[in-house]
Amino acid sequence: GCEGPKFIADGLTSLTELTHLELNFRRNRIGSLGIQGFMERFPRNNRIQEFNLDLGYGGIENTGCCELGTLVSKLENVISISFMLERNDINSEGAAGLVRNFGKLNSLKALCLNLARNQISVQGAEALAFALGKVPNLTRLVLNLSEHRIGYGCAKYISQSLSYLVNLEYLDLNLWRNYIGYDGAACISDSLPELHNLAYLKLNLGHNSIGKEACDHIFNAISQLTNLQEIELRFHDSNFIDDQNAENIALCIRKLKNLHRIGITLAENEISNEIFVKVELVASKGTEVISQAIKSFEKLDEVTFDLDLHLLKVDAFSEDKTTLVSYQRL
């Protein structure tokens with residue numbers, strides 16, 4: 001309930017050397033009153049460098065989210081923050097209040113914000129993007145805005161913020177079911193090439209109606225990120241991606257010589273059975289389009305393709321990387 005968090009905050013006052021704090025209130029319905037009680041008693045003079053707070057399904061409203069924004073101002077030494085706030089009652093006002101003090105966190109390197117399934121509009125996305133632009137030292141960003149139906153503006157503003165985050169090495173961006181369309185996808189494809197230091201990219205644009213042309217633009221942009229070591233790309237569900245897109249994807253990933261893990265999901269689009277046959281041929285003969293991409297890699301450990309409801313996980317390769325010698329359908 002709402003009383004518990006303030007007693008936990010009282011206990012923190014004696015832990016003056018604490019540097020790592022992880023609190024899980026998930027599904028406890030502590031509400032905004034619980035956040036307020038916690039914030040009021042949270043010690044200002046602290047040495048916390050890593051702060052992880054799970055408030056998913058917590059009945060948090062805008063007031064509580066704004067209280068968290070005040071709490072952030074007390075974390076002067078923090079290097080890493082994680083706020084799990086999915087499935088609450090937060091709209092754009094709460095989102096703006098949450099991030100309003102991020103620009104004061106000069107040491108912040110890693111940030112995780114899970115705001116999935118709230119009621120954030122384009123104004124909230126703009127406020128989030130503006131705040132992210134004030135923490136240019138970030139090297140790791142996880143941002144989940146899935147299932148908000150914000151539209152093109154969501155991708156527009158988030159993409160603008162990425163242009164300031166040139167030090168990112170790890171990016172996990174989930175915009176599933178926001179209906180960003182072609183224009184939103186174009187914004188993302190324009191911003192990605194600026195992230196020269198990226199080693200890990202996880203991008204979920206499922207159920208966004210991005211279209212065939214935008215899909216090609218995004219993968220062409222990804223192919224310029226030559227330091228990538230791992231990619232997990234989810235373009236599933238109603239994006240109108242076809243066989244030609246699938247072949248272009250293979251050509252693009254071929255340019256990423258440092259990859260050792262690939263995950264690509266294209267299910268529930270317009271991929272024909274012919275493309276799945278090509279994947280089957282890759283597994284048995286190593287002669288088709290996707291196999292030509294795979295043969296380019298020297299350090300590849302794992303490949304997962306999800307094509308039109310068929311999931312194929314590659315377990316092993318021949319020594320010369322020309323044949324997938326072990327695979328399984330999942």
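The values are calculated or read from the model by the stated rules, or taken from the named source; none is laboratory data. These numbers were taken from a predicted model, which means no experiment stands behind them. Please note: Cβ atoms are built from the backbone with ideal geometry, for glycine as well, and neighbour counts cover all protein chains shown. To get the accessible areas, we keep the full protein, side chains included, count just its heavy atoms, and leave off ligands, DNA and RNA. Shrake-Rupley method; radii C 1.70, N 1.55, O 1.52, S 1.80 Å.
The ratio of the alpha-carbon radius of gyration of region 37-163 to the globular-protein estimate 2.2 N^0.38 Å is 0.98. Along its first, second and third principal axes, ordered by size, region 42-117 spans 31, 20, 17 Å in Cα coordinates. Residue order by solvent-accessible surface for Leu18, Leu192 is Leu18, Leu192, largest first, with ligands and nucleic acids left out and a 1.4 Å probe.
On a full-extension model of 0.36 nm per residue, what is the gain between Lys257 and Glu270, subtracting their alpha-carbon distance, rounded to one decimal in nm? Working shown, then result.
Details: separation 13, 0.36 × 13 = 4.68 nm, distance 2.84 nm.
Contour length minus Cα-Cα distance gives 1.8 nm.
One decimal place: the segment Leu15-Lys202 gains 63.7 nm when fully extended, by the rule 0.36 nm per residue minus the C-alpha distance. Exposure check, 1.4 Å probe, all protein chains in place: Asp242 carries approximately 40 Å² of accessible surface.
Using only side-chain charges placed at the Cβ, +1 for Lys and Arg and -1 for Asp and Glu, the dipole size of region 126-283 relative to its Cα centre rounds to 520 debye. For region 183-233, the calculated P(r), taken from all Cα-Cα distances in 10 Å bins from zero up to the bin holding the longest distance, is 26, 58, 16 percent. In this structure, the pairs whose alpha-carbon distance is over 19 Å, taken from Lys212/Lys257; Lys156/Lys255; Lys6/Lys74; Lys156/Lys257; Lys134/Lys202, are Lys212/Lys257; Lys156/Lys255; Lys156/Lys257; Lys134/Lys202.
Take every Cα pair under 8 Å whose residues are at least 6 apart in sequence, average their separation, divide by the length of region 37-93, and the relative contact order is 51 percent. Among the protein heavy atoms, those of Met39 account for about 20 Å² of accessible surface (1.4 Å probe, every chain in place).
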